[in-house]
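Colleague: I have a structure I would like to understand better, so I am pasting it below and will then ask my questions one at a time.
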Amino acid sequence: MTVWTRLRDHRLWSGPWPALAAGLAAALAHPPFGVLPGLLGYALLLRQLDGASPERPLRSAFWRGWLAGVAYFGLGTWWIAEAFMVDAANQGWMAPFAVAAMAGGLALFWGAAGLVYRAIGRKGPWRVLVFAGTFAALEWTRGHILTGFPWNLPGETWRAGSWPSQAAALVGAYGLTWITLAIAAAPAVWREGRGGRIVLGAAAAGLVALYGYGAAVESRPLPEGSPVAVRLVQADIQQDAKWDATRFARIVQSYVSLTAKPYAGKPADLVIWPEGALPAAVNDYLAPGTWVREAIVDSLKPGQILLIGGYRYEGPVQAPVYYNSLIALRRTATDLEPIGVYDKHRLVPFGEYLPAEKLLTAIGFKSLAHLGDGFATGPRPAPLRLSPDLLVQPLICYESLFPGLARRDPEVRALINVSNDAWFGVTSGPLQHLNLASYRAIESARPILRATPTGVTAVIDARGRIRPGASLSLGQSGVVDASIPAMGEVTPFDHLRNGAFWVLLLISMVASARVWSGKTSSSIARLKELG
């Protein structure tokens, strides 16, 4: 018995451990961990699905896919527990249940993908394409069902701005998910004769192509940026401080003092405060004559535009309707002039609204928003015009996860991403969010101006790279002064959206037909032998 055979047949490879290890390895490949060899976890997962119990193969495949998903999403979303610890006395008890429910619920998509893959069959090395197609299709489903939660798509494993990530401009994050899965799973079939070697060679060529395309893109300099100067404000206000009414004046002072900080060069045309900057309704603190309004006016220069993230309400006082909004204000000679409002369209389940509200409220769950029934849904994202020459596309927090959410508009100069990542403390969550949001820059070839209360605030160029010296990391207080980076050319993804992704899924369907045909032929041959 060879060493390889002994390793292959070792009892360690039975039971749940290999599937859990596969999911954990794949999760570790994502930033901020960045252990790219962890992508081989997908090859291990394919082998585990192939080795599902012959007595109950579909049930076994679902179980193995689900276990891999639990490990993957457990590591990828554990930071949500921090949000429940902000108000630990009332909501801390929900933290472990929320993490378990999140990981276990999202893992159902991987379980379903494992079941579908195993049902099609496991004949021939080109089944790698079946694996890539089934998992990519279920990842697309995860990003769209109910409100969707496309966190840490496999295609977003590559650090945004790196050479492989540039392929998102061609095929989007979902298309890059298919490509990443196909390449990463290929080593699972390398011992399967000539066909296996061809598949592995094709995967290696695909990996070289990813890096080569990215290198070619980054070798072409972007044109000069806009003369529009911006100031991003990060006051480092922790989320628990916002529930303390005695700290309100101090929070306001933090933002206005940073906003009024002297400029080293040209004063900003545009000042951006993050989502939920001030812990009160915009209607109240911006009402005429309030001290907060006056303080904001004094912090700005005439002609400057302020974008401020906050919640607002409409309707009667007895039954107000709340929106999570981005409000645009222009400083006039003596006051503030409202020039636009953007209301968040994609709301965070449990954070901003409560799914199955009657049931969950009855057992004690409440929205983290602390606003009665939570927020109402705004219209589909549309650009916001700040001046005749400046059209921007806001994306509030969670909305930056969705490829192609905002409608295409060639006049948009930049994406504005305001986010309240203070909910998640100093964890991997804000760093992952930065990486995922940066993919929207690559897909659209538009820079991103990103403002958060505690980090990471950054200016991101049209290729998903943070501009040198234009960021504030977790726990820092300060401002980022910069000019809006240049736009890139219209990308294939921006023009076709997920068209390339559907073509890739069609390739998987063709491979599925070949695999299924091979499986059927083998079954018929065995029946003839028995006959």
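None of the figures in this text is laboratory data; all of them are computed from the coordinates on show. Just so it is clear, the structure is predicted and the values come from calculations on it, not from any experiment. With ideal geometry, Cβ positions are generated from the backbone for all residues, glycine too; neighbour counts draw on all protein chains shown.
Colleague: First measure r as the distance between the Cβ atoms of ALA216 and VAL503, then evaluate 1/(1 + (r/R0)^6) with R0 = 22 Å and state the FRET efficiency to the nearest 0.05. Each step should come with its number before you reach the end.
Modeller: Values: r = 22 Å, r/R0 = 0.99.
For R0 = 22 Å, the calculated efficiency reads 0.50.
Colleague: Once you charge only the Cβ atoms, +1 for Lys and Arg and -1 for Asp and Glu, what is the size of the charge dipole of region 229-493 about its Cα centre, to the nearest 20 debye?
Modeller: On the way: 26 positive and 24 negative charges, 82 e Å.
It works out to roughly 400 debye.
Colleague: For region 234-252, list residues with backbone N below 15 Å from a point placed 7 Å from the Cα of VAL426 toward its Cβ?
Modeller: Label zone hits: 236-239.
Colleague: How far is helix 428-444 tilted, in degrees, relative to the longest principal axis of the Cα atoms in the chain, given as a value from 0 to 90 rounded to the nearest 10?
Modeller: Once rounded, one gets 90 degrees.
Colleague: Let me spell out the model: positive unit charges on the Cβ of Lys and Arg, negative unit charges on the Cβ of Asp and Glu, origin at the Cα centre of region 25-180. What dipole size does that give, in debye rounded to 20?
Modeller: Working: 10 positive and 6 negative charges, 136 e Å.
I would put it at about 660 debye.
Colleague: Within 10 Å of each residue's Cβ, count the other Cβ atoms and sort THR454, THR259, THR427 from fewest upward. Before the final figure, lay out the partial values.
Modeller: Values: THR454 26, THR259 23, THR427 17.
In order of increasing Cβ crowding within 10 Å: THR427, THR259, THR454.
Colleague: Please name which of GLN393, LEU436, VAL130 has its Cα lying farthest along the dipole of the chain towards the positive end, using unit charges on Cβ (Lys, Arg +1; Asp, Glu -1) and the Cα centre as origin.
Modeller: VAL130
Colleague: Suppose every Lys and Arg Cβ carries +1 and every Asp and Glu Cβ carries -1, with no other charges. What dipole size does the chain come out with about its Cα centre, to the nearest 20 debye? Can you show the working numbers first?
Modeller: Working: 48 positive and 36 negative charges, 453 e Å.
With Lys and Arg at +1 and Asp and Glu at -1, about 2180 debye.
Colleague: Between GLU489 and LYS266, what is 0.36 nm times their sequence separation minus the Cα-Cα distance? Round to one decimal in nm.
Modeller: Values: separation 223, 0.36 × 223 = 80.28 nm, distance 2.76 nm.
Fully extending the segment from GLU489 to LYS266 adds 77.5 nm.
Colleague: Continuing with the same structure: Counting DSSP beta bridges with both partners in the chain, what percentage is antiparallel, nearest 5? Can you show the working numbers first?
Modeller: Details: 32 of 50 bridges.
Of all bridge pairs located within the chain, approximately 65 percent are antiparallel.
Colleague: Calculate, in nm to one decimal, what TRP17 and THR332 gain on full extension: separation in residues at 0.36 nm each, minus their alpha carbon distance. Mind showing how you got there, number by number?
Modeller: Working: separation 315, 0.36 × 315 = 113.40 nm, distance 6.37 nm.
Taking 0.36 nm per residue and subtracting the Cα distance, the gain is 107.0 nm.
Colleague: If you don't mind, another one. For the pair THR377 and ILE198, what calculated FRET efficiency results from E = 1/(1 + (r/R0)^6), where r is the Cβ-Cβ distance and R0 = 51 Å, to the nearest 0.05?
Modeller: Numbers: r = 49 Å, r/R0 = 0.96.
Step by step, r from the Cβ atoms, then E = 0.55.
Colleague: Helix 127-142 sits at what angle to the longest principal axis of the chain, using alpha carbons and giving 0 to 90 degrees rounded to 10?
Modeller: With rounding to tens, the tilt is 30 degrees.
Colleague: How much length is gained if the chain between ARG385 and MET85 is pulled fully straight, taking 0.36 nm per residue apart and subtracting their Cα-Cα distance, in nm to one decimal?
Modeller: Values: separation 300, 0.36 × 300 = 108.00 nm, distance 3.81 nm.
Gain in length upon complete extension: 104.2 nm.
Colleague: Something else: Return ILE442, ILE251, ILE448 ranked ascending by Cβ neighbour count within 10 Å, so the fewest neighbours appear first.
Modeller: Numbers: ILE442 31, ILE251 19, ILE448 28.
Fewest to most other Cβ atoms nearby, the residues stand as ILE251, ILE448, ILE442.
Colleague: Let me ask another. Pairing the Cα long axis of helix 248-259 with the longest principal axis of the chain, what angle in degrees results, from 0 to 90 and rounded to the nearest 10?
Modeller: Around 90 degrees separate the two axes.
Colleague: Hey, another quick one. Fewest first, what order do VAL128, VAL256 take by the number of other Cβ atoms within 10 Å? Each step should come with its number before you reach the end.
Modeller: Working: VAL128 28, VAL256 21.
Ordered by Cβ neighbours within 10 Å, fewest first: VAL256, VAL128.
Colleague: OK, next. For the chain, what is the number of Lys pairs with C-alpha distance below 14 angstrom, counting only pairs 8 or more positions apart or on separate chains?
Modeller: Numbers: LYS123/LYS519; LYS261/LYS301; LYS266/LYS301; LYS358/LYS366.
Close lysine pairs found across the chain: 4.
Colleague: At q = 0.07, 0.08, 0.12 Å⁻¹, what is the base-10 log of I(q)/I(0) for region 229-493 according to the Debye formula with one equal point scatterer per Cα and no solvent? Please give it to two decimals.
Modeller: -0.23, -0.30, -0.69
Colleague: Separate question: For region 229-493, what's the relative contact order in percent, using C-alpha pairs closer than 8 Å and at least 6 residues apart?
Modeller: Here the relative contact order equals 20 percent.
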